[in-house]
Amino acid sequence: MSEKFVYDFEEGSADMKFVLGGKGANLAEMTNLGVPVPPGFIVSIKACNDYYKDGQNKISEEIEKEYLGHLKKLEEKMGKTLGDEKDPLLVSVRSGAAISMPGMMDTVLNLGLNDKSVLGLTEKTSNERFAYDAYRRFIQMFGNVVMNIEGSEFEELLSEEKKARGAEQDTDLTADDLKELVEKYKALVKEKKGMDFPQDPLAQLKMGIEAVFGSWNNDRANLYRKLNHVPKEINGTAVNVQSMVYGNKGETSGTGVCFSRNPSTGENKFYGEYLMNAQGEDVVAGVRTPKEIETLENQNKEAYDELVSIKNNLEKHYKDMQDMEFTIEEGKLYMLQTRNGKRTAAAAVRIASEMVEEGLLDEKGALLKVDANQLDQLLHKQLDPEAKKQATVLAKGLPASPGGAVGKCCFDAKEAHDRAENGEKVILIRVETSPEDLIGMNAAQGILTARGGMTSHAAVVARGMGKCCVAGCHEVSIDEKAKTMTVSGKTFGENDFVTLDGATGEVIEGEVGVTDPELSGSFATIMEWADKYRKLLVKTNADTPHDSEVAIKFGAEGIGLCRTEHMFFEESRIKAVREMIVAKDLEGRKAALDKIEPFQQKDFEELFKIMGDRPVIIRLLDPPLHEFLPKEEEDIKGVASEIGVSADELKGIIASLHEFNPMLGFRGCRLGVKYPEINAMQARAIFKAAQSVPGCKPWIEVPLAGHVREYKMIKDIILQTAKELDVGDKVDYKIGSMIEVPRAAMTADEFAADCDFMSFGTNDLTQMGCGFSRDDAGSFLDQYVDKGIYDRDPFQSIDQQGIGKLMQYAVDLAKKANPDIHIGICGEHGGDPASVEFCHKIGLHEVSCSPFRVPIARLAAAHAAIKDDK
C-alpha cells in the first residue's frame, strides 16, 4: 500500500494533530461527533514536508493525484463539481499546524469561482449580489495570499468604489457595483503579474495548497514560532480543503467567532462576536462593528440555542475552554473550527480551578492547562492595554524582566536614587549596568539598557527585584555624559517621560497608565495543587531582606543563591572594600576586612531571621575586584581622596587589575586561594550571624572551582574558622561547591566526595561550555536561533543537547560517589519552565530562581512530575 498523504474528515480524529494539524484533527473530531461541519478533506503535514523536500517547493504528482481523488469524493458527496458553470462547488483552503498559530498562516475562501461559475452561482442562488461579493472576495484573497499582491492595493480599489457610490459599508454596494469592482481587481492582477486571473478551478486549488504550504515559512509565522518557543519538531502545516458555506447571503446568514468562556477573565460565560451578511474576515477586520454573541438569540434563536449546545458539548469533550468559528447560511448553523482557546494568565488559573469544581478536570489535568510562563503576567504591574493601544512605540529591545514602568529619563544611578528620594519616578537608562548601579536600579521604576542580553547584569538584577527591564535595545543611542537618549529621530532628556513594557521589550514615548496585578483565589488554589504534586524544591536567588520576603510570599522554600558581592556595594561599606583592594599587605587587608565583617554579619542575620529554618545558600565573593573600583577620572580622584591614596596610585592599581577576559580571570575561589583572609572574614560573619539566630541553616558555597583542590582549600578555611569560633554542632551548616566550570562537571565525583551539596551555576557553565561571552553574545545569538543552530538562546533555556548532557554526566558521577549529596541549580535557568522540567528529568533536588519567578518554577516542577508519572 502506498504512503497516505490525504484524509477525508471522517478518517481523522483529535489525536491525529501531528498528522492532520490541529484544525484538521478537530474538524475530523467534530465530524465524527455529529457536529454540523461542512464536508472536506485534509492534505497532511507529511505532504507539506514532502513539498519542502530537497528545497523543491513543489507538490509531487503522487500527492496531487491523491488529493484530486478526495476532491472527486467530495464532489460526489455534495452533488456538485468544483467551479462548475451551472452549480459550482466552492471550497475554502486553510492552514492548520500541529499547534495553534492564530492568524500566522494563510487562508483562501470561495475558491472555484471564475467568470463562468459566478454566473452559475448567481442563477442557482437567485442572488447576483451575493455571487459577485463572493467573487470579488476570492480575487482579493487569492491575489494577496497566492499571487503576492499587496492587500492594500485591493482595499484602495474597494474604498474608491465605495466613495464613488456613496456607500458607507461594503454591504451598501450593489451587484452592479461589485461586478465593476471584480473587473478592476482582475485588471490589477494583470497589471501586477502580467497574466490573467486564473480561471481553471483545479489550477486555483493547486496554487492555493502550495500557497498555504509556503506560508509555513512566512515572516510572521517564523516570528510567532520564535516568540512562543515552538520546538523544531513541530514542522509544517496541513491544508484543510472544505466545502464553502456562506454568511454573506443576506440578513438570514452570518459568521462569528466565540469562546466557551471569557478568554480575558475566565468567567464561565459565553463570549464572542458575530456579523450578519458577512464572511469570516469581516469579523476580525474591524471594518464593521461586530455584535455581542448574546444578541444572536434575538435574530435567530434556533441557531443560537444550537450554538450554545455545541459549545457546551465541545468544552465537555475537550475538557478545555474552546475557541470556535461558525457560519450561519440562510438560518442553518455550521461549525468551521474549534480549538483550545488562547487566554490570559488570570483567565487560565480561573478556568483551571473552576473546571475542577465543575468535575470536568482533576487537579493534575487542571495544572497542565496553565502555562507556567504565563504566570509572569500576574506578578508584575502591567501597562493598561487600552492606553497602550494609543501609544507610540519608539524601539524594541529584549523583554528582560516583565511588567510596566513609567518615569522620567535618568542616566546616572546615584541621581536616580536621589531623584526617587525626592518623590520623582524615573527610568534608569544606561548603555549597560554594573553592580555599582544597584542603588539606582533599586530606586528606578524600570531599567533600559542599550547593551546586554537576557542574563546581563541588568536583566538578572531586575528580575530579582521584580523590576521591569528592557535590555539590549540597540535602536537607542545613549549619551550618558550629555544625559540624552536618541531614538526614532527624537531626543529625550532628563525631564522627558518614557514607558517600558518588560513583557514585550517595547520602549514607548510618554506616559502610559499601569494597572496592579490581581492575584485571585484561583491563583492560590493552583499553587497549592502545584506544591502537592511537584518533587523539586523551589528556592530563590535573593541578597536582601526585601527580596527574601517577596520570595517567601511567592512560596520559596529557602535561598538557593545569596550573592554576597551585592552587599559590598552598599554606601556604608564600599569605602572599606576599596581600602581592602588597595592595601599593600596582609595587615592592611585585614584592617579593612575588620570594618566590613560587622556589616556582613548584620546582612546574614537579617536574612536568617526572615528565612527561619529554611536553608540559605551563601555564595562566597565571586566577581573580579576591579568591579569595586571607579572607572571615570573624576570618580577616581574622589575615591582616591576618600581612601587616602593618590589618584595616580589608584590608577595604577586599577590598571594592574585589568583583565582581557575578567569572566575567566581572577574571581571566585581564586580570590580566596590568593587572599584567604577574604573568605575567612565571610565565614566568620556567617557563623557569628548563625550563632545569634537559632534554628537557621546556612549552606556555604564555594564559587568557580574547577579543580577539587581549589574547593578543598576554601573548605579548609571555612572549617578552621568554624573551629576558631567553637561552632561545633551549634549551627546546622553545610559546605558545598558551585559547578560552573566544565572541568568541575567532568570531575563531579571528586567534588561530591567532599561536598554536602552542589549547585549548577548554569550561566557560567553555559558561557564556558558553549564558548559564548554572556555579555556580548546577545548581538548574534538571535541569528543562531533564527537559523536553527540553537532552538532557544542557551542563556535563557538550558541547552539540553550540550550543556544538559554535561549536567547529566556530573549528576550521575556525583550520586555514585556520594548517594546523599544534594544537587540543585541556581542560574537564571531555574525560572525557565523547560529548564525546570529538564532539572526534574536528570534527578536534581532543587531549582532556585529570582523571587518573581518562584510561582512559575513551582508550577513547572509540578508539570514535570505529572508528565513523568504519565
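Figures for the structure shown
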| item | result |
| --- | --- |
| Conditions (1) polar (S, T, N, Q); (2) farther than 24 Å from E436 by Cβ; (3) in a helix (DSSP H, G or I); (4) in contact with a Lys or Arg (Cβ under 9 Å, 6 or more places away or on another chain): number failed by T525 | (4) |
| Residue check, L671 open to solvent by 50 Å² or more (accessible area, probe 1.4 Å) and assigned to a helix (DSSP H, G or I) | no |
| Residues of the stretch 774-811 classified as charged (D, E, K, R), more than 30 Å from H707 (Cα to Cα) and open to solvent by 70 Å² or more (accessible area, probe 1.4 Å), total | 4 |
| Residues within the stretch 8-35 that are open to solvent by 30 Å² or more (accessible area, probe 1.4 Å) and in contact with a strand residue (DSSP E or B) (Cβ under 6 Å, 6 or more places away or on another chain), tallied | 1 |
| Residue check, G440 touching a Leu at 6+ places or on another chain (Cβ under 7 Å) and either farther than 26 Å from D832 by Cβ or modelled with pLDDT under 95 (or both) | yes |
| Members of the stretch 300-329 found to be in a loop (DSSP other than H, G, I, E, B) and farther than 15 Å from F259 by Cα, listed by number | N300 |
| Breaking point among (1) under 41 Å from the mean Cα position of the chain (by Cα); (2) of a type in the set (S, T, N, Q); (3) surrounded by fewer than 18 Cβ atoms within 10 Å (Cβ to Cβ), for S737 | (3) |
| Selection status of Y67, over 34 Å from the mean Cα position of the chain (by Cα), in a strand (DSSP E or B) and either among the aromatic types (F, W, Y) or crowded, with 23+ Cβ neighbours inside 10 Å (or both) | no |
| Options R136, R165: the member that is more than 30 Å from K232 (Cβ to Cβ), at pLDDT 95 or above and not polar (S, T, N, Q) | R136 |
| Entirely in the stretch 173-276, the strands (runs of 3 or more DSSP E) that have 2 or more residues that are open to solvent by 30 Å² or more (accessible area, probe 1.4 Å) | 254-259, 271-276 |
| Pairs with Cβ under 9 Å, 6+ apart, first in the stretch 123-144 and within 23 Å of D106 (Cα to Cα) and among the basic types (K, R), second assigned to a helix (DSSP H, G or I) and open to solvent by less than 40 Å² (accessible area, probe 1.4 Å) | R136/F154; R136/L158; R136/L178; R136/L181; R136/V182; R136/Y185 |
| Residue among K291, K319, K381, K364 that alone is touching a Gly at 6+ places or on another chain (Cβ under 9 Å), open to solvent by 40 Å² or more (accessible area, probe 1.4 Å) and at pLDDT 95 or above | K319 |
| Options D543, D547; residue that is in contact with a Cys (Cβ under 6 Å, 6 or more places away or on another chain) and buried (at least 22 other Cβ atoms within 10 Å of the Cβ) | D543 |
| Which numbered condition R853 misses (of (1) at pLDDT 95 or above; (2) among the basic types (K, R); (3) crowded, with 23+ Cβ neighbours inside 10 Å) | (1) |
| Test result for E659, open to solvent by 40 Å² or more (accessible area, probe 1.4 Å), within 24 Å of T762 (Cβ to Cβ) and in a helix (DSSP H, G or I) | no |
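Each row is one residue, and each column tells you yes or no for (1) touching a residue at least 60 places away in the same chain (Cβ under 8 Å); (2) closer than 30 Å to L537 by Cβ; (3) assigned to a helix (DSSP H, G or I); (4) aliphatic (A, V, I, L, M).
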residue	(1), (2), (3), (4)
I617	yes, yes, no, yes
L621	yes, yes, no, yes
E627	yes, no, yes, no
V639	yes, no, yes, yes
E642	yes, no, yes, no
E649	yes, no, yes, no
G652	no, no, yes, no
R667	no, yes, no, no
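The values are calculated or read from the model by the stated rules, or taken from the named source; none is laboratory data. Treat the numbers as computed from the prediction; the structure is a model and nothing was measured. When we count neighbours, we look across all protein chains shown, and the Cβ atoms used for this are built from the backbone with ideal geometry, even at glycine. The protein model used for the area step is the full one, side chains on, heavy atoms only, and it has no ligands, DNA or RNA in it. Shrake-Rupley method; radii C 1.70, N 1.55, O 1.52, S 1.80 Å.
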